[in-house]
């Protein structure tokens, strides 16, 4: 039991700051692969340890007789079984089970994250986890500030010319925005019945600074929605601080990127390219991705295509004109450029500018959790997924008045982020750890089984 609790506290730190030095320094071999391996290994080892501990004085038959799964566990098992079936029946079962070579977060990794939720809900030391989650948020924010200014403290270990900074140990600026979205408003949940202290304000401040500097649109929108809910609750209880936090955050979104660029320029570090929040180019590409995912889903509506196989289907399920538009939008080219493509490989020319270019464009997932679930696991998988979410929220509501409200404040930023992104090995496990820890905090004297 003590070993399990120690490992549960250590895992968030490891997942946030561990990297495997490689000669290539690419994010897949340096970050994604080791993170996926750690997640799967942790889920397997701790589950076995838990089973041995729980059954130390009982036979297997006794354990089976005593097993009384809750609706959450039953739905989780049903969802797990179904996505394994979808992976097995996928046209690309290897990718579906283990993930593509570009992210390596297939169905086995997703199932491992579900086991991690169960482990943390059962064994997490909430007070220790609060300190750890606050600590990693503060450290990540410090690295983010340094990279926003122009320092590259990790460039000798991970990164490439295509890396969008600040990236820290997450791999890419928008993905780092998702990481902060997962943790930024979590202190509001944990301190709903606790007196806010230095840890609370340090955690909240660090998370919001990180969000402001990563300029990931959906992460920012999610945080604003959560903060507005907090402000609404504050107005009802005549508290001014939530409104002040919201106003400061709105200002920081505009000010911090400009200030960091100015400081970096003055120090001779060059200019960090922050995303223009007014740009609609990514919206246009995502609409095309969702159209392709819808068409592909209708072709295999029950079992889907399997996780992380979207790159091999996306252009096949778009009209040629839409596929060419997607290439142009993603590559930042206008209609003067001619596009010839086969699958995800393209050849682009522009006779007027004597321009030629070839390459590959890989979309591992549909960039939206709803379309991704439908594409990967079919309609039944999507229904099981939604049922599981609703049942978890129902369970939270049963734990006391107001708990579901604060639970939503903490989780909505990442959920909204997932409406434009997907499972990332350096981001998603942290969110599942957070969910498990919040459930542990809510358990009190009730038993989560």
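Rounded if a/c is under 1.5, else prolate if a/b is larger than b/c, else oblate: which is the chain, with a ≥ b ≥ c the root eigenvalues of its Cα gyration tensor? Judged from the Cα gyration tensor, the chain comes out oblate (a/c at least 1.5, b/c at or above a/b).
Once each part is reduced to its C-alpha centroid, what is the distance from region 315-335 to region 94-128 in angstrom? Cα centroid of region 315-335 versus Cα centroid of region 94-128: 34 Å apart.
With each label modelled as a point 7 angstrom along the Cα→C-beta vector, the residue 195-residue 322 pair spans 5.9 nm.
Determine the shape class of region 283-436: with a ≥ b ≥ c the square roots of the Cα gyration tensor eigenvalues, call it rounded for a/c under 1.5, and otherwise prolate if a/b is greater than b/c, oblate otherwise. Here region 283-436 falls in the prolate category. As a calculated quantity, the FRET efficiency between residue 240 and residue 2 at R0 = 41 Å, using C-beta atoms, amounts to about 0.40. Can you work out the PRE-style zone for residue 255? Point 7 Å along Cα to Cβ, and I want the residues of region 184-223 with backbone N under 20 Å. Within reach of a label on residue 255: 201-216, 220-221, 223. Could you compute the FRET efficiency for residue 156 and residue 370, with r as their C-beta to C-beta distance and R0 at 45 Å, rounded to 0.05? That pair, residue 156 with residue 370, gives E of 0.70. Once you order the gyration tensor axes a ≥ b ≥ c over the Cα atoms, which shape class does region 144-185 get: rounded for a/c under 1.5, otherwise prolate or oblate by comparing a/b with b/c? Prolate, since a/c reaches 1.5 and a/b exceeds b/c.
Full-extension gain between residue 17 and residue 350, please, as 0.36 nm times their residue separation minus the C-alpha to C-alpha distance. Before the final figure, lay out each step's value.
Values: separation 333, 0.36 × 333 = 119.88 nm, distance 4.41 nm.
This chain segment gains 115.5 nm when fully extended.
Cβ crowding within 10 Å ranks 373, 329 as 329, 373, fewest other Cβ atoms first. Using a Gaussian network model of the chain with C-alpha springs under 10 Å, which one of 163, 205, 294 is most mobile by mean-square fluctuation? Ranking 163, 205, 294 by mean-square fluctuation puts 163 first. Available extension along the chain between residue 298 and residue 10 is 99.4 nm, counting 0.36 nm per residue and deducting the alpha carbon span. Neighbour counting of Cβ atoms within 10 Å sorts the residues 95, 79, 375, fewest neighbours leading, into 79, 95, 375. On the basis of the beta-carbon distance and an R0 of 25 Å, residue 44 and residue 387 show a calculated FRET efficiency of 0.45. Can you give me the C-alpha center-to-center distance between region 285-305 and region 336-398, rounded to a whole angstrom? Comparing the Cα centres of region 285-305 and region 336-398, I get a distance of 8 Å.
Going by neighbour counts of Cβ atoms within 10 Å, the residues 161, 147, 299 line up, fewest first, as 161, 299, 147.
Read-outs: derived from the displayed coordinates by stated rules, not from any lab. These figures come from a predicted structure and were not determined experimentally. Counting neighbours? That spans all protein chains shown, and the Cβs are built from the backbone with ideal geometry, glycine included.
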